[in-house]
Amino acid sequence: MKFTKTALAALAVAGLGTMAAAQTEIRVMWYSDGVEGEVMQDLLSRFEEMHPDIHVVLDNVAYQVTQEQLPVLLESGQGPDIARVAGVLKSASEHWLDLRPYVADADYWDANFGNRYDWMRPDGSDKMPGFMTQLTLTGGFANKTLFDQAGVPLPGEGATWDDWIAASKAVMESQGLPAAFAIDRSGHRISGPNASYGANYIAADGMPAPVDDGTMDFVARLVDWTNEGLMLPEVWVSAAGTTYRAAADDFINAQIPFYYSGSWQVANLSTKIGDAFDWVATGSPCGTAGCSGLAGGAGLVAIKYTQHPEEVAMVMDYLASEPVLREFTERTLFLPAHNGVVAAGGLNFQSDDPNVPPALAKFVAASGETLPLADALPAWKWSNAYYGALVTRVSQVMAGEISLDEARTLMDQDIADQVAAAAQ
């Protein structure tokens, strides 16, 4: 039988349509702090070459989407097939798929990720929901060039929050800067400092404790520094509710000499600052109880409403494999969360920036200084309720809408409301 060129073309198009129809589409909701979205897209492209029957769509979204919109989707039984989340990793854990029946080697997962499953699954569960793409630790960054130009020494080991703000104030005044420092608008971000001043969020029964004097000690400092024009006010006051706002761009643009955020910013700062100025990681300044940051990280979790659990598990197995996760760690400049990668060591972080290796080393060293409260929060069910109350009410105090005493009362009420809502 002979075919005309038109008929052959039609057959070819039909064949392509059949191949496309045979593909399973897996959607991944992904947010980025730095370059990790580009790295992940590259890794997923390689996965698709190995598995032409699976098409993985990486939906890049803002962090706030994973924090606010994703939980709404999940409550209605919808969502992507896989998601990268941080803030709702524990609070939304009932919606994660148990991968244990689907992955190729559950023992491998348990050995390399099992010690942090409790960060992302309901209390008392043995669910295998996913893996941490990286570990993080909150901590500070200083613009060393600005400090040097101002002739102000960087505060040394054991320096307090008061020491750092005083030094940053001197740099601000010398260099004509709009503010001395900024902290990301986040209840999570100020919880390490709160712990450093003796805060305790967790009652003996595991439920939220009343907001205590340790929490209010640092909160009062933060409000005072904002009122004095030392903390960049728009970072916290320009938003409402629990809306997240990072101050990374303000630091990158050399508007502030000191910035408190976390290890996930290393790649972002390196990429955007380049050789514009020298910067260093500082660890966490000290309070009356210690010098604690807050450990955490982002988790890649499977969503239990997926229609394709087997294919999801194939994607997760690939991304969780030691060589792939090692490459992800080296290219994104993150702290590894894979036990095998940590044990093997020898990570070749892919950066020509001389600021990067000492910054990562500083975060690794600071990870040994975290206090018990900070260590407990990633796996605590009510962390998000506490974080949300903190950021909402502290912002209102900064804006002059309520007093510190009123904020303390309202924070307790906000947290109690979250507990009550969860019980319904």
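Any read-out appearing in this document is the output of simple, stated calculations on the displayed coordinates, not a laboratory observation. What you see is a predicted model; the values in this text were computed from it and never measured. For neighbour counting, all protein chains shown are included, and Cβ atoms are generated from backbone atoms with ideal geometry for every residue, glycine included.
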Order the peptides 247-256, 102-111, 164-173 from the highest to the lowest mean number of other Cβ atoms within 10 Å of their residues. 164-173, 247-256, 102-111
Sorted peptide list for 395-405, 323-333, criterion being average Cβ within 10 angstrom, highest first: 323-333, 395-405
Calculated from backbone phi, Karplus (6.51, -1.76, 1.60) coupling profile of the stretch 97-106 in Hz, x at Gly/Pro: 6, 7, 7, 3, x, 10, 6, 6, 8, 5
Can you list residues whose amide H is under 5 Å from Ala199's amide H, if they're 5+ apart or on another chain and H is modeled 1.01 Å from N? Thr215
Report the normalised scattering of the stretch 120-254 as log10 I(q)/I(0) at q = 0.09, 0.13, 0.20 Å⁻¹, calculated by the Debye formula with identical scatterers on the alpha carbons. -0.35, -0.69, -1.31
Of every Cα-Cα pair in the stretch 374-424, the percentage lying beyond 12 Å is 64
Which of Lys144/Lys169; Lys127/Lys381; Lys169/Lys362; Lys144/Lys362 have a Cα-Cα distance over 20 Å? Lys169/Lys362
Using the Karplus curve 6.51 cos²θ - 1.76 cosθ + 1.60 with θ = phi - 60°, what ³J(HN,Hα) values do you get for each residue of the stretch 197-210, in whole Hz, with x for Gly and Pro? 9, x, 5, 9, 9, 10, 6, 4, 8, x, 8, x, 7, x
So what is the relative contact order for the stretch 177-218, in percent, with contacts set as C-alpha pairs under 8 Å and at least six apart? 35
To the nearest 0.05, what FRET efficiency results for Gln413 and Ala166 with a Förster distance of 45 Å applied to their C-beta separation? 0.80
The long-range amide H neighbours of Arg27, using H built 1.01 Å from N in the peptide plane and a cut-off of under 5 Å, are Val57, Asp81, Ile82
If one compares the long axis through the Cα atoms of helix 36-50 with the longest principal axis of the Cα atoms of the chain, the angle in degrees, nearest 10, works out at 20
If the chain between Glu310 and Asn60 were fully extended at 0.36 nm per residue, the gain over the current Cα-Cα distance would be 87.7 nm
For the stretch 135-254, what's the relative contact order in percent, using C-alpha pairs closer than 8 Å and at least 6 residues apart? 25
FRET E, pair Asp212, Met50, Förster distance 51 Å, beta-carbon r, rounded to 0.05: 0.45
Nonlocal amide H pairs with Leu335, under 5 Å, H built at 1.01 Å: Leu135
Bins of 10 Å, starting at 0 and running to the largest distance - Cα pair percent for the stretch 178-271: 15, 43, 31, 10, 1
Helix 213-227 vs. the chain, principal-axis angle (Cα, 0 to 90°, nearest 10): 80
How are the C-alpha pair distances of the stretch 338-424 spread across 5 Å bins, as whole percents from the shortest bin up? 3, 11, 13, 13, 13, 11, 11, 10, 9, 6, 1
Relative contact order %, the chain, counting alpha carbon pairs below 8 Å whose residues are six or more apart: 24
Label model pair Glu173, Thr24: point-to-point distance (7 angstrom along the Cα→beta-carbon line) in nm is 6.5
In deg cm²/dmol, rounded to 500, what helix-only [θ] at 222 nm does the chain give when every DSSP H run of at least 4 residues adds -39500 (n - 2.57) and the total is split over its residues? -13500 deg cm²/dmol
Taking Rh as the Kirkwood radius computed over C-alpha pairs, what is the Stokes-Einstein D of the stretch 94-196 at 10 °C in a medium of viscosity 1.306 mPa s, expressed in µm² per second? 91
Please work out the FRET efficiency for the pair Val324 and Asp352, using the Cβ-Cβ distance as r and a Förster radius of 22 Å; give the result to the nearest 0.05. 0.40
Can you give me the angle between helix 383-398 and the longest principal axis of the chain, using Cα atoms only, in degrees from 0 to 90, rounded to the nearest 10? 50
If you stretched the chain out fully between Ala239 and Ala106, how much longer would it get, using 0.36 nm times the residue separation minus the C-alpha to C-alpha distance? 43.6 nm
Over the chain - Rg/Rh using Cα atoms and the Kirkwood inverse-distance radius: 1.02
How many nm is it between the label spots at Ser125 and Glu406, if each spot is 7 Å from the Cα in line with the beta carbon? 3.9
